[in-house]
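The values are calculated or read from the model by the stated rules, or taken from the named source; none is laboratory data. Nothing here was measured: the structure is a model prediction, and the numbers come from that model. Cβ sites come from the backbone with ideal geometry, for glycine too, and all protein chains shown count toward neighbours.
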Amino acid sequence: MRMSRALLTHMLVGLRVIIACSILLLNAPQGLAKELGVVEDLFIGRHAISPPGGFGRYQNLLVRSEELDHASWVKSASTTVPATNLTAPDGSTTAESITFGGAGLDTIQQASTTAAGSTQFTGSVWLKVASGTLTVRIGVIDQAGSPAGTYANADLDTTWQRFQVTHTFAGGTGNAVLILDDNTNASSQTIHAWGAQLESGTGTAGVYTKTSAGTVTASRGLVSNTDAVIGSNETIGGTLGVTGATTLSSTLG
Ligand SMILES: [Ca+2]
């Protein structure tokens with residue numbers, strides 16, 4: 001399923017501008033010149049999402065979300081993921097190429113540590129190909145036995161796109177798994193992948209938040225996967241946690 005949130009956001013913004021302007025025109029007294037007003041504040045939906053982060057709900061039950069060459073990602077026998085360090089959607093060089101084998105189904109997957117039973121999960125990942133087009137699949141399945149789950153076709157082209165799939169497990173004894181496969185392609189194919197995420201209790205992929213060795217607990221707010229500049233004061237109502245070095249300076253920039 002191809003996401004079109006950016007298009008939807010633009011449509012919402014455009015619609016609200018039209019409504020705001022229409023209200024101004026309707027309120028203009030008769031006989032007076034009608035002028036378009038300035039809209040100073042716009043509400044642009046529940047999320048503002050981009051590969052480096054955004055506002056809204058976030059969670060990631062997977063580890064190594066930008067390291068698909070890591071052993072945390074289990075590859076089928078004919079699937080290889082060298083550390084190719086391709087340019088990712090956020091401009092970093094953290095995307096990898098996944099080469100699926102020839103005949104048969106080839107896969108790459110990661111099992112979360114979250115039980116699948118009776119819970120809704122949404123998996124998402126950015127994908128593309130180097131040239132042409134290709135259809136692969138993204139799935140959210142149960143780790144145990146014959147997998148109950150949902151697969152969605154992902155129609156790749158040479159542009160990074162975020163794909164997502166949702167499944168609600170009626171039960172199950174295993175953990176929820178995000179899986180990519182080559183749709184049983186009979187010839188070897190290579191795709192580019194970055195930014196895998198698995199969330200529980202939601203039917204729509206939230207703000208992407210990258211992970212390394214640990215997962216990210218569900219919450220809502222601001223995610224910056226890279227840098228942040230705050231030009232004025234900031235009030236923090238809770239605990240301030242710093243995992244890296246801190247530098248205090250009296251100047252900005
Ligand atoms: Ca194959």
Residues that are modelled with pLDDT of 95 or more and either in contact with a Cys (Cβ under 7 Å, 6 or more places away or on another chain) or closer than 30 Å to Ser249 by Cα (or both), drawn from region 213-229 = Val216
Arg162: among the basic types (Lys, Arg), surrounded by 12 or more Cβ atoms within 10 Å (Cβ to Cβ) and over 17 Å from Ser65 (Cα atoms), yes or no?
-> no
Is it true that some residue in region 110-124 is over 25 Å from Val207 (Cβ atoms), more than 20 Å from the chain's Cα centre (by Cα) and among the aliphatic types (A, V, I, L, M)?
-> no
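Residue-by-condition table, conditions (1) at pLDDT below 95; (2) closer than 14 Å to Gln120 by Cβ; (3) out of contact with any strand residue (DSSP E or B) (no Cβ under 7 Å at 6 or more places or on another chain):
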position: Thr135; (1), (2), (3): no, no, no
position: Ile138; (1), (2), (3): no, no, no
position: Gly145; (1), (2), (3): yes, no, yes
position: Ala148; (1), (2), (3): yes, yes, no
position: Asn153; (1), (2), (3): no, no, no
position: Thr158; (1), (2), (3): no, no, no
position: Thr168; (1), (2), (3): yes, yes, no
position: Gly172; (1), (2), (3): yes, yes, no
position: Asn175; (1), (2), (3): yes, no, no
Among residues of region 178-206, those that are assigned to a strand (DSSP E or B), more than 16 Å from the ligand (Cβ to nearest atom) and surrounded by fewer than 24 Cβ atoms within 10 Å (Cβ to Cβ), counted | 2
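For region 4-26, check the following and say yes or no: at least one residue is in a helix (DSSP H, G or I), among the aliphatic types (A, V, I, L, M), modelled with pLDDT under 95 and under 21 Å from His192 (Cβ atoms).
To start, the set of residues in region 4-26 that are in a helix (DSSP H, G or I) comprises 5-26.
Still in the running and among the aliphatic types (A, V, I, L, M): 6-8, 11-13, 15, 17-20, 23-26.
Then drop every residue that is not modelled with pLDDT under 95, which leaves 6-8, 11-13, 15, 17-20, 23-26.
Filter once more, keeping what is under 21 Å from His192 (Cβ atoms): 6.
Within region 4-26 (the criterion being in a helix (DSSP H, G or I), among the aliphatic types (A, V, I, L, M), modelled with pLDDT under 95 and under 21 Å from His192 (Cβ atoms)), the answer is yes, since at least one residue qualifies.
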Those strands (runs of 3 or more DSSP E) completely within region 50-139 that have 2 or more residues that are away from the ligand (no atom under 16 Å from the Cβ) and buried (at least 19 other Cβ atoms within 10 Å of the Cβ) are 53-60, 107-115, 120-128
All-but-one check, Ala245 against (1) free of Cβ contacts under 8 Å to residues at least 12 places away in the same chain; (2) within 24 Å of Thr150 (Cα to Cα); (3) among the small types (Gly, Ala, Ser), failing number (2)
List pairs: first in region 61-87 and free of Cβ contacts under 8 Å to residues at least 12 places away in the same chain, second more than 16 Å from the ligand (Cβ to nearest atom), Cβ under 7 Å, 6+ apart or cross-chain?
-> His70/Arg64; Asn85/Thr93; Asn85/Thr94; Thr87/Thr93; Thr87/Ala95
Considering each of Asn183, Asn225 in turn, give the residue that is of a type outside the set (Lys, Arg) and on the phi < 0 side of the Ramachandran plot.
-> Asn225
Failed item in (1) without any contact (Cβ under 8 Å) to a residue 40 or more places away in the chain; (2) assigned by TED's automatic domain parsing to the domain that holds Gly117, with Thr211 passing the rest = (1)
